[in-house]
Amino acid sequence: MKLSLTIVGALSLAAACGGKDKGAPTGPGNSGGGDVAGPPYAALFQDGKDLRYRRVSKSSMYDPDDPKATPDGQVVDETVTEVKCKVAARELGAIRVAQITCEGGAEGDSLFDELTAVYVADARGVWRAIGQSLPADEAAARALATSETGKPLLAPSPVADEQKKEDEQEGFGEMVKTSQDQSGAWCHEWGSWGGDEGGGGVCFGAGRGLTKVSSYFAGGMVRDDWFELLP
């Protein structure tokens, strides 16, 4: 099965390219080896680049009667697959558009929508529009640079931050977090709790682009799923 990851970007030259002239042929993330001086998401825009992502799914649930249960009664399952992808990038006026086509996906994968989202980057940061197709023109691309909160996933120069909203009486809450992972990639994470728990995240690494998309769920069973970029 083929997966399509559509990525759209409009980076301000001052923020994304260190003040390069508008006529410079090497735009955001399209400078061969990858932009490490610009925003962490700049390397999304590398035409012709080959990518590989590892798909991992881990789940566990308590069932001591299952023959596969561990001594503490947990039934643990893990699957690992790999998808091979290629980037095609072009410009729509001032907007950069790239599409990643992947081979090796599985039917019904819950992370397909996130992996195949449209990403838009402007002077404010990088945005994601799930369930959208490749925009046909610059205006359509710009219209996707929005979110429910009115804020991008990441700013061009991210700063670690965490915001929580909690109802201590009812035991419900939600959080949004910006932080760096162990590889140095910047991640936007979100989650909610109260009965069941769930959430996800997306990470971007300087010189690497989109490094990870993930989701988790806890309620009766615990499940963690992610795609991670391979070297």
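A protection proxy built from the mean count of other Cβ atoms within 10 Å ranks the segments 203-214, 46-57, most packed first, as 203-214, 46-57. Size descriptors for segment 94-163, from the alpha-carbon set: Rg then Dmax equal 13.7, 37 Å. Residue-normalised convex hull volume from the C-alpha trace of segment 180-231: 68 Å³ per residue. For Gln182 and Asp66, a Förster radius of 30 Å and the Cβ-Cβ distance give a FRET efficiency of 0.35, rounded to the nearest 0.05. With N counted as the residues of segment 130-223, its alpha-carbon radius of gyration over 2.2 N^0.38 Å works out to 1.27. Here the Karplus relation 6.51 cos²θ - 1.76 cosθ + 1.60, evaluated at θ = phi - 60°, turns the backbone of segment 114-130 into coupling constants of 6, 5, 9, 5, 9, 10, 10, 10, 10, 5, 7, x, 10, 10, 9, 10, 7 Hz, with x for every Gly and Pro.
A short reminder: the numbers here are calculations on the coordinates, not readings from a lab. Quantities reported herein were computed from a predicted structural model and do not represent experimental measurements. For neighbour counting, all protein chains shown are included, and Cβ atoms are generated from backbone atoms with ideal geometry for every residue, glycine included.
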